[in-house]
1. Across every pair of different alpha-carbon atoms, what Kirkwood hydrodynamic radius in Å does the stretch 155-305 reach?
2. Of Lys88/Lys120; Lys151/Lys313; Lys120/Lys313; Lys88/Lys313, which sit over 20 Å apart, Cα to Cα?
3. Given 20 °C and 1.002 mPa s, how large is the Stokes-Einstein diffusion coefficient of the stretch 85-347 in µm²/s, with Rh as the Kirkwood radius over Cα pairs?
Amino acid sequence: MEKKSEDKPGAGFLFGCPSSSSSFVPLSNPPPPALTLTSSRFTISSQLQNDSTKEKKKGKPVEIPVFTGFQSKLESQWRDVQWTEEQKKSLMKAVSSYRPSCKDVPQARVLLLGPVRSGKSSFISSVQSVFNGRVTNRAMVGSSFNTSFTKKLQSFNIRSQNGEDNTGLVLCDIMGLGDGETTGLTLHDILSVIKGHVPEGHKFSPDQPVGTETAGYVKTPSLRDRIHCVAFMVDASKISSYHTGFGSTFKQLREYISELGVHQVALLTHVDQICPETARDVSNVYKSLSVRDTMNKAGALLGMSTSYIVPVKNYASELDLDLNTDVLLLSAVDHILQYVDMFFQDYAPRHTGSKMI
């Protein structure tokens with residue numbers, strides 16, 4: 001299986017900048033969602049205008065329809081989430097107690113993958129903050145708009161609720177997919193990370209692809225070295241302005257990852273930046289029409305059903321934790337772990353000890 005993936009054409013493709021020989025077809029932008037009005041009486045037909053004129057002539061007061069704006073919030077959630085302290089504790093316990101079903105793998109490794117500044121490092125810091133009980137920034141976050149702050153493969157343990165032991169989850173950060181030749185990340189290198197060949201701390205370069213001559217290269221990776229789930233990160237505030245090549249990039253990348261038997265999910269970050277109601281109160285996220293519509297756009301961009309996608313708000317300028325933000329972050333981690341479990345269920349009959357056969 002691995003040899004088949006490496007031999008495929010385009011392994012040296014630099015993400016975000018497809019060559020002229022590429023067979024990529026740019027993803028057409030989905031049609032804009034229909035706007036919903038709070039007043040069905042806003043449309044004034046010629047007949048209504050004629051009726052109004054008649055009423056004026058009779059000396060009767062005319063009731064003029066008033067436009068009250070676009071409906072941005074639903075009455076009920078389109079996904080059922082409990083925004084309570086009990087739910088937060090339940091999710092924290094579930095994540096803290098999680099262990100891979102394969103006894104030879106002590107921790108599940110999840111790779112966060114997405115465009116530059118999509119919120120990968122911020123998500124890691126935010127999840128760590130929930131378990132630390134205060135807002136912290138363990139994963140360094142950059143401020144540059146055009147380049148990826150992360151330049152190398154970094155793995156971050158998520159500590160359990162007591163703060164002493166590690167959970168069974170490791171979040172792996174990698175440099176962002178660039179818009180043009182702004183990063184050195186290639187398809188070949190990404191697949192090498194997923195297969196477990198790339199050593200911790202490896203710095204990526206387009207001129208030096210990962211290979212047997214790479215320092216620390218893992219020639220025969222075990223199941224514990226591999227990536228067990230990929231979480232794509234997409235910025236909700238930039239969903240309509242991403243480079244046209246990203247759609248085909250994501251879809252081709254997903255095909256290669258699927259061939260390796262790795263399940264994929266997606267996180268829609270910065271949802272507070274596209275919905276004032278969600279920015280005011282995160283618990284409104286599943287009542288927001290703009291968030292729901294943006295999730296549909298993200299699904300079209302990634303080529304996946306929205307059932308695989310969950311919204312996320314990372315901690316940015318906040319100094320204190322927020323209950324609803326914590327629940328949303330923990331729900332995202334729980335969502336990821338469901339697909340991690342599917343990986344181990346799929347591979348359980350196919351490995352002996354820690355070696356794949």
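Every number in this text was worked out from the coordinates using simple rules, so none of it is lab data. Remember, it's a predicted structure, so these values are computed and weren't measured experimentally.
1. 17.5 Å
2. Over 20 Å Cα-Cα: Lys88/Lys120; Lys151/Lys313.
3. 115 µm²/s
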